[in-house]
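Undergrad: Shown below is the structure under consideration.
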Amino acid sequence: MRICFLEDSIEFDGYSPTSRPLDGPQKALAYLAGSLAQRGHQVTVLNRAAHPITCDGVSWPGWAGERPIETDLLVAVGDATLFDLVTTARRRLLWVPGDPAEIAQGARSAVLARLRPDVVFHTHAQRERWSNVEGLATQVVAPGIASSYLEDLTAVPSNPPRAIAVCHPLRGLERLIRLWTERVRVTLPTAELHVYSARLDKAILSGDVPADLRAIHDLARANAGVIVQRPLPDPQLADAYRAARLFLHPGVLDETLALNLMEAQATGLPAVSFASGSLARERIVDGQTGRICDDDTAYAMACVELMTQEEAWRAMAASARELQRGRSWAVAAAEWEEKFA
């Protein structure tokens, strides 16, 4: 089957996830495209790739490169107006990378009404938030997990104990840092919270702190137990997860993907999240692979428990790894093939 993906965000290609950090939707496209090619499909990705390349059997011609005139399956990522880049397609899918409210704004709404593509979501939480006034057919296909996180390697937590947070600095991070410093480190004064954030890392290194980051920047810098780290490509981030004891998730209400939560659990890293985000229950089995908490007190208690109680931590680590390790990108690609071929 000929498959063409259309995506217009940043510059990246099939090699990017293992060489530099990428956000979840871009990683998902790179890995899914490669996995579909490995299943024998002819796959092209039209995006902002810097140079025309072929990676894992996928053609990345770049935005100015040659575009197919026709294809069997045409997948636009987030923006239905991209469908007009390829004249003829047997079937069209709109793959929603983030907030579903954005897919029907402006000119995109008219294209949805005219072409009526199937709409594909990463999570049930995404689909439930979409009004779907056009009555389009919808599917939920969970993302896969990259091989870096599925390697059969034993987690060896560092000493002093370490927790990891990978989230936007303005989306729940302030609450996590305050909870960590005011509640967890009172009991565990040597415990560290490693925060992976490109914007915070850049602000700290340059000294040029944007106004919207000033409060969270100052809070992170004022606490010795909080260490801001530069985001990592998948192989190195997987190693960082294996050296940690806990993954802190903010559980924000409108989260749509949480791929990093899946990846962390696949390495055997238990997670703690707030119940306010419905997506947490798609990623965590409460009491088995982590904790889903209603308030700061319960969250802090869960952190202390998993930092200090070896038996409880090992049981949850094993369950987290077992739950996620079967969801490789090869499995996700097979599901795409079954649903859309």
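Nothing in this text is a laboratory measurement; each read-out follows from the coordinates by a stated rule. It should be emphasised that the depicted structure is a prediction, and the values quoted were computed from it without experimental measurement.
Undergrad: Below 8 Å, C-alpha to C-alpha, sequence gap of six or more: please give me the relative contact order for region 148-324 in percent.
TA: Computed value for region 148-324: 25 percent relative contact order.
Undergrad: How high is the relative contact order of the chain? Use alpha-carbon pairs under 8 Å, at least six apart in sequence, and give a whole percent.
TA: Across the chain, relative contact order equals 17 percent.
Undergrad: At what distance in angstrom do the alpha carbon centres of region 316-341 and region 227-299 lie from each other?
TA: 18 Å
Undergrad: Still on this structure: What Rg and what Dmax come out for region 42-126 when only alpha-carbon atoms are used, in angstroms?
TA: Every Cα atom of region 42-126 included, Rg and Dmax give 13.5, 37 Å.
Undergrad: In a Debye calculation with equal point scatterers on the alpha-carbon sites of region 81-150 and no solvent, what is log10 I(q)/I(0) at q = 0.12, 0.18, 0.21, 0.24 Å⁻¹?
TA: -0.35, -0.72, -0.91, -1.12
Undergrad: Separate question: Assign one of three labels to the chain, namely rounded, prolate or oblate, based on the Cα gyration tensor with a ≥ b ≥ c the square roots of its eigenvalues; rounded applies when a/c is under 1.5, prolate when it is not and a/b is larger than b/c, and oblate otherwise. Let's see the in-between values first.
TA: Working: a/c = 1.85, a/b = 1.77, b/c = 1.05.
Prolate.
Undergrad: Please give the contour-minus-distance gain from ALA222 to ASP152: 0.36 nm per residue of separation, less the Cα-Cα distance, rounded to one decimal in nm. Display every interim value, and only then the final one.
TA: On the way: separation 70, 0.36 × 70 = 25.20 nm, distance 3.80 nm.
Working it through step by step, the gained length comes to 21.4 nm.
Undergrad: Å³ per residue of the Cα convex hull, for region 148-324?
TA: So the per-residue Cα hull volume is 104 Å³.
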